[in-house]
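First comes the structure, then the notes that go with it.
The values are calculated or read from the model by the stated rules, or taken from the named source; none is laboratory data. What you see is a predicted model; the values in this text were computed from it and never measured. As a convention, Cβ positions derive from the backbone with ideal geometry for all residues, glycine included, and neighbour counts pool all protein chains shown.
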Amino acid sequence: MAATEVVQSRRIVTEIPGPKSRAIQKRRSSAVAQGVGSVLPVYVERAGGGIVEDIDGNSLIDFGSGIAVTNVGNADPRVVERAAEQLARFTHTCFMVNPYEAYVDVCEALNRVTPGDHEKRSILLNSGAEAVENAVKIARSATGRQAVVVFDHAYHGRTNLTMGLTAKNMPYKHGFGPFAGEIHRMPMAYAYRWPTGPDNCGPEAAAAAIDQIVKQVGTENVAAMVIEPIQGEGGFIEPAPGFLPALVEFCRANGIVFVADEVQTGFARTGDMFACDHEGIVPDLITTAKGIAGGLPLAAVTGRAELMDAVHGGGLGGTYGGNPAACAAALAALEAIESDDLTGRAREIGELMLDRLNAFADKFDVVGDVRGRGAMVAIELVKDGKEPNPEAVAQVLKHCHARGLILLSAGTYGNVIRMLPPLVIGDELLREGLDILEEALAGL
């Protein structure tokens with residue numbers, strides 16, 4: 001049965017995880033490094049639409065999309081067909097040795113769809129962390145400066161440099177230092193937790209960040225400012241209005257490269273092709289990955305031609321960057337997003353989910369905040385006012401997983417439940433998943 005034939009209904013026939021998954025989990029413990037975790041160790045047989053089927057025959061509702069990867073759905077037929085055709089022709093040559101047209105096609109597509117109508121260039125890589133790291137390399141090369149500005153609650157990856165850029169210690173940074181130098185962290189416009197209230201958050205946070213940069217770093221030393229237009233692992237923090245435009249203006253005035261990390265927010269996830277589009281932000285460089293290729297590993301940096309071309313020949317690249325099968329998949333995924341209007345579908349998903357989640361906030365004191373855009377939404381769980389409540393998150397996830405709903409946590413304090421359904425999920429599955437979430441909240 002092809003992925004497109006996966007029945008779009010939840011079906012639980014064993015406990016979760018089931019006996020076959022538990023048997024493989026036992027094998028895993030003696031074969032796979034313990035440092036690799038799994039949110040829900042059900043071993044997957046196939047997936048499609050809004051459903052993930054495990055090897056025990058259970059069908060789970062997918063509110064995770066492999067962490068915002070399968071935006072076009074798992075095993076989209078167009079992605080599968082294009083990738084399979086490419087695999088039959090050749091699997092690898094290394095673009096730096098013998099190039100191929102699909103790499104150029106993907107770069108042309110990225111130059112077209114990313115924010116701004118200026119002349120652009122792109123490079124293709126393997127992962128979001130690699131894209132962010134290369135964006136910093138490009139900014140440093142182009143500006144001749146070294147310092148990098150990042151923000152509270154940020155997540156940018158697991159390489160040495162991107163761990164340094166990432167804010168959260170556990171589990172991402174703990175025990176892995178020392179990290180790269182010349183990284184400077186600034187306040188984030190976290191409206192729910194801003195001391196003087198959400199209405200003041202955007203202007204005040206921008207002013208605080210700019211003041212610290214000027215006084216503590218020196219604008220003449222800053223190569224790049226790297227920020228997620230909506231923070232992902234940090235808890236789906238949507239910057240308060242005005243924050244991002246003020247930062248862009250500051251960067252433009254001071255020769256600082258503004259880098260938008262859209263690894264999680266890109267490719268229709270937020271109801272726009274990119275989250276920057278919401279406030280009309282045009283970054284100098286934009287990093288993408290996750291949803292770029294329908295589930296195959298691919299990432300990119302796209303940016304102003306004069307910046308991208310400032311690096312010396314041979315200074316950018318990698319053996320697998322822009323793998324031909326992944327390039328074919330990316331072209332098919334972009335075609336699916338545009339032809340099926342998945343940006344519009346993301347907005348529909350957001351309206352449905354936010355209506356229900358706001359109702360939960362009215363009904364349950366534990367829901368302190370509801371936030372997000374499109375099919376990237378979250379609730380923050382609290383106790384005694386705004387004190388983070390990670391214990392409640394753990395209870396909710398345990399209930400939902402047992403009932404066949406894949407959910408993820410997030411947040412610096414571990415107290416956020418994030419929802420990232422595939423953009424092809426049906427409304428009935430969305431409602432059923434939210435019903436399960438409501439049951440869990442009611443049981444706290």
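Tabulated values for the structure
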read-out	value
First in the stretch 45-60 and at negative phi and not assigned by TED's automatic domain parsing to the domain that holds CYS400, second anywhere and among the basic types (Lys, Arg) and buried (at least 22 other Cβ atoms within 10 Å of the Cβ), Cβ under 9 Å, 6 or more apart	none
Among (1) of a type in the set (Lys, Arg); (2) surrounded by 14 or more Cβ atoms within 10 Å (Cβ to Cβ); (3) outside the structural domain of PHE258 (by TED's automatic domain parsing) - the single one LYS363 does not satisfy	(2)
Only listed residue being under 23 Å from ALA142 (Cα atoms), part of a loop (DSSP other than H, G, I, E, B), at pLDDT 95 or above and not hydroxyl-bearing (Ser, Thr, Tyr), chosen from GLY255, GLY271	GLY255
Some residue of the stretch 87-101 being out of contact with any helix residue (DSSP H, G or I) (no Cβ under 9 Å at 6 or more places or on another chain), under 17 Å from ALA326 (Cβ atoms) and either assigned by TED's automatic domain parsing to the domain that holds ILE425 or polar (S, T, N, Q) (or both)	yes
Given (1) within 16 Å of PHE63 (Cα to Cα); (2) crowded, with 20+ Cβ neighbours inside 10 Å, number of the condition LYS398 does not satisfy	(2)
Selection count where residues are touching an Asp or Glu at 6+ places or on another chain (Cβ under 9 Å) and of a type outside the set (A, V, I, L, M, F, W, C), scope the stretch 415-432	5
Sole exception among (1) surrounded by 15 or more Cβ atoms within 10 Å (Cβ to Cβ); (2) hydroxyl-bearing (Ser, Thr, Tyr); (3) within 27 Å of ASP76 (Cα to Cα) for SER9, by number	(1)
Residue list for the stretch 244-261, filter: surrounded by 24 or more Cβ atoms within 10 Å (Cβ to Cβ) and under 24 Å from GLY197 (Cβ atoms)	LEU244, LEU247
From ILE281, ILE256, ILE286, residue being touching a residue at least 12 places away in the same chain (Cβ under 8 Å), under 16 Å from PHE151 (Cα atoms) and among the β-branched types (Val, Ile, Thr)	ILE256
So ILE213, is it outside the structural domain of GLY372 (by TED's automatic domain parsing) and either loosely packed, with under 14 Cβ neighbours inside 10 Å or within 25 Å of GLY414 (Cβ to Cβ) (or both)	no
Qualifying positions in the stretch 275-296 - in a loop (DSSP other than H, G, I, E, B) and either outside the structural domain of TYR155 (by TED's automatic domain parsing) or buried (at least 24 other Cβ atoms within 10 Å of the Cβ) (or both)	PRO283, ASP284, ALA289, GLY294, GLY295
Cβ-Cβ under 8 Å pairs, at least 6 apart or on other chains, the stretch 358-386 side in a loop (DSSP other than H, G, I, E, B), far side surrounded by 21 or more Cβ atoms within 10 Å (Cβ to Cβ) and of a type in the set (Lys, Arg)	GLY374/ARG269; ALA375/ARG269
Residue ID - surrounded by the fewest Cβ atoms within 10 Å (Cβ to Cβ), chosen from residues in the stretch 189-206 that are in contact with a Pro (Cβ under 7 Å, 6 or more places away or on another chain) and closer than 26 Å to ALA147 by Cβ	GLY202
Residue within the stretch 138-153 that is hydrophobic (A, V, I, L, M, F, W, C), crowded, with 20+ Cβ neighbours inside 10 Å and under 30 Å from LEU407 (Cβ atoms) present	yes
Count of residues meeting criterion [surrounded by 14 or more Cβ atoms within 10 Å (Cβ to Cβ) and over 24 Å from ARG431 (Cβ atoms)] in the stretch 24-52	6
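Residues checked against (1) of a type in the set (S, T, N, Q); (2) touching a residue at least 12 places away in the same chain (Cβ under 8 Å):
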| site | (1), (2) |
| --- | --- |
| HIS153 | no, yes |
| MET170 | no, no |
| ILE183 | no, yes |
| PRO203 | no, yes |
| GLN216 | yes, yes |
| PRO229 | no, yes |
